[in-house]
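See structure below.
Values quoted throughout were computed directly from the atomic coordinates according to the rules given, and no laboratory measurement underlies them. Everything numeric here is computed off the predicted structure, so don't read it as measured data. Cβ atoms come from the backbone with ideal geometry, glycine included; neighbour counts cover every protein chain shown.
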Ligand code: C5P
């Protein structure tokens, strides 16, 4: 599916707001959006997001805060966060159908809502220890289907689940995929990686890429080089 939003959302994982702004002002003109997560939000809050919007020429932002609570509380959080005018927000699909529907109803403006299925930090033993009987892949597809039933725009998933989710949910569904590494670059702490082109060819709509861009000597050039491969 096509979207006018950037294909790559660059993960800006830093507690230094000046460093964040400097990076954003390099990578957004190169064609990237920006992913800001819990580290940034817990350091700088909504004012920090607004500061980025104001000082970096209103970049497309994926605000990755992964809400999980009772429906009324998540709806309130989504209502407040979507007023910032970010491109994407997310919740945990395991919060259930009612929670996701309440979040969707509360999501204001053009903000799109995604759901996290199973965190990629889980493996089969740890997911069973957490009380889930189905294997990871089955559970991911089940949660992706529930997300679609709730009317959300898509999910965040690992590159290894793209094909199964596309089969279950069709083409009109956003798949935002982290754990991406250009050929030849360091895996860092990511275990199950895929190249940008492989992930897009399998059916990802967006890629979350952090350190291969932010730690490069020239982040803008690194972003352009990746975009060129797609
Ligand atoms: O630097 P790197 O490309 O590994 O950054 C990936 C980003 O995506 C980080 O912000 C990480 O927290 C996030 N993420 C992930 N795996 C998930 C969900 C989010 O790596 N399953």
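Structure notes:
- Compared with the alpha-carbon gap, the fully stretched path from residue 190 to residue 123 is longer by 22.8 nm at 0.36 nm per residue.
- Shape call, the range 1-41: gyration tensor on alpha carbons, a/c limit 1.5: oblate
- Compared with the alpha-carbon gap, the fully stretched path from residue 134 to residue 21 is longer by 36.4 nm at 0.36 nm per residue.
- Spread of Cα-to-Cα distances over 5 Å intervals beginning at zero, given as percent, for the range 1-118: 2, 12, 22, 24, 19, 13, 6, 2, 0
- In terms of packing, defined here as the mean over residues of other Cβ atoms within 10 angstrom, the peptides 96-103, 44-51 line up highest first as 96-103, 44-51.
- The calculated FRET efficiency for residue 57 paired with residue 79, based on their beta-carbon distance and R0 = 30 Å, is about 0.70.
- Here the relative contact order of the range 50-130, from alpha carbon pairs under 8 Å that lie six or more residues apart, stands at 30 percent.
- Debye log10 I(q)/I(0) at q = 0.10, 0.19, 0.20 Å⁻¹ for the range 54-188, Cα point scatterers: -0.34, -1.10, -1.18
- Here the contact order of the chain, divided by its residue count and restricted to Cα pairs under 8 Å and six or more residues apart, works out to 20 percent.
- The range 1-59 and the range 164-230 have Cα centres lying 17 Å from one another.
- Computed over the Cα atoms of the chain, the ratio of the radius of gyration to the Kirkwood radius (Rg/Rh) comes to 0.95.
- The chain, helix-only ellipticity at 222 nm - DSSP H runs n ≥ 4, -39,500 (n - 2.57), divided by all residues, nearest 500: -13000 deg cm²/dmol
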